[in-house]
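To start, the structure under review is shown below, and the notes come after it.
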Amino acid sequence: MKQQKNNQQSDSVNDQSSLNEELKKRTQEVEEFKSKYMRALADYQNLDKRTQLEKEEVRKYAARHTLLKFLSPIDGLERATKHIQDEGLMLALKEFYAALTESGVKKIEVIGKSFDPFTMECIEVGEGEEDTVIEEIVSGYMFNDKILRVAQVKVGKKKQ
């Protein structure tokens, strides 16, 4: 009977040890699943943020293509105002500029500035101060801090 009691105690200790090992194993699995869940949640949140930023970017620059189409007629009006001093024509051009500004378009100021290959395209070289824009051939524009169209310019070069 004593041996039977010892066997029961031994079985009870083995069962307790087995249960402890099983509990450790299950706890470890729970921690692994929790870690995987947290990583997946973080990945999803990052994807959601990135998607929102991309949507905002698309909305912000959606009008770019349409605005580009308006620049050519504006160039024509600018050339016309150089030859024809008409108040109506100048008023129409000012209204175009106001509409562009309201849409986030800004004209790139180039006359007298150092040549910048990111915002300007050198079409012609003429006598003048080295690497300085001496004439604007075609206006350049920025749209929401991005280049809409580079300015085409004449750049000065010292005579040799």
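The values are calculated or read from the model by the stated rules, or taken from the named source; none is laboratory data. Here the structure is a predicted model, which is why all the values come from computation and not from measurement. Every residue, glycine as well, gets a Cβ built from its backbone with ideal geometry; the counts of neighbours run over all protein chains shown.
So, in segment 126-136, of the ones that are of a type outside the set (S, T, N, Q) and surrounded by 14 or more Cβ atoms within 10 Å (Cβ to Cβ), which residue ends up nearest to ILE108 (Cα to Cα)?
Top of the filtered list is GLU136.
So which residues in segment 138-150 are surrounded by 13 or more Cβ atoms within 10 Å (Cβ to Cβ) and assigned to a strand (DSSP E or B), if there are any at all?
Those that are surrounded by 13 or more Cβ atoms within 10 Å (Cβ to Cβ) and assigned to a strand (DSSP E or B): VAL138, GLY140, TYR141, MET142, PHE143, ILE147, LEU148, ARG149.
Of everything in segment 100-124 that's loosely packed, with under 13 Cβ neighbours inside 10 Å and not polar (S, T, N, Q), which residue is farthest from VAL150 (Cα to Cα)?
Across segment 100-124, the extreme among qualifying residues is GLU102.
Pick out the one residue from LYS146, LYS106, LYS113, LYS69 that is basic (Lys, Arg) and closer than 30 Å to LYS159 by Cβ.
It is LYS113.
Do we have VAL153 as of a type in the set (A, V, I, L, M), within 17 Å of LYS107 (Cα to Cα) and in a strand (DSSP E or B) here?
Against the criterion (of a type in the set (A, V, I, L, M), within 17 Å of LYS107 (Cα to Cα) and in a strand (DSSP E or B)), VAL153 qualifies.
Considering only residues that are free of Cβ contacts under 8 Å to residues at least 24 places away in the same chain, part of a helix (DSSP H, G or I) and more than 11 Å from the chain's Cα centre (by Cα), which ones fall in segment 51-73?
If the condition is that a residue be free of Cβ contacts under 8 Å to residues at least 24 places away in the same chain, part of a helix (DSSP H, G or I) and more than 11 Å from the chain's Cα centre (by Cα), then THR51, GLN52, ARG59, HIS65, THR66, LYS69, SER72, PRO73 are the ones that fit.
Only residues in segment 77-103 that are in contact (Cβ under 8 Å) with a residue 40 or more places away in the chain count as the first member; pair them with residues that are in a helix (DSSP H, G or I) and surrounded by 10 or more Cβ atoms within 10 Å (Cβ to Cβ), Cβ under 7 angstrom, at least 6 apart or cross-chain, and list the lot.
Sorted first by the residue in segment 77-103, then by its partner, the pairs are GLU78/LEU93; SER103/LEU67.
For residues that are at pLDDT below 95, of a type in the set (Ser, Thr, Tyr) and within 25 Å of PHE70 (Cβ to Cβ), tally how many sit in segment 120-160.
Here the count works out to 1.
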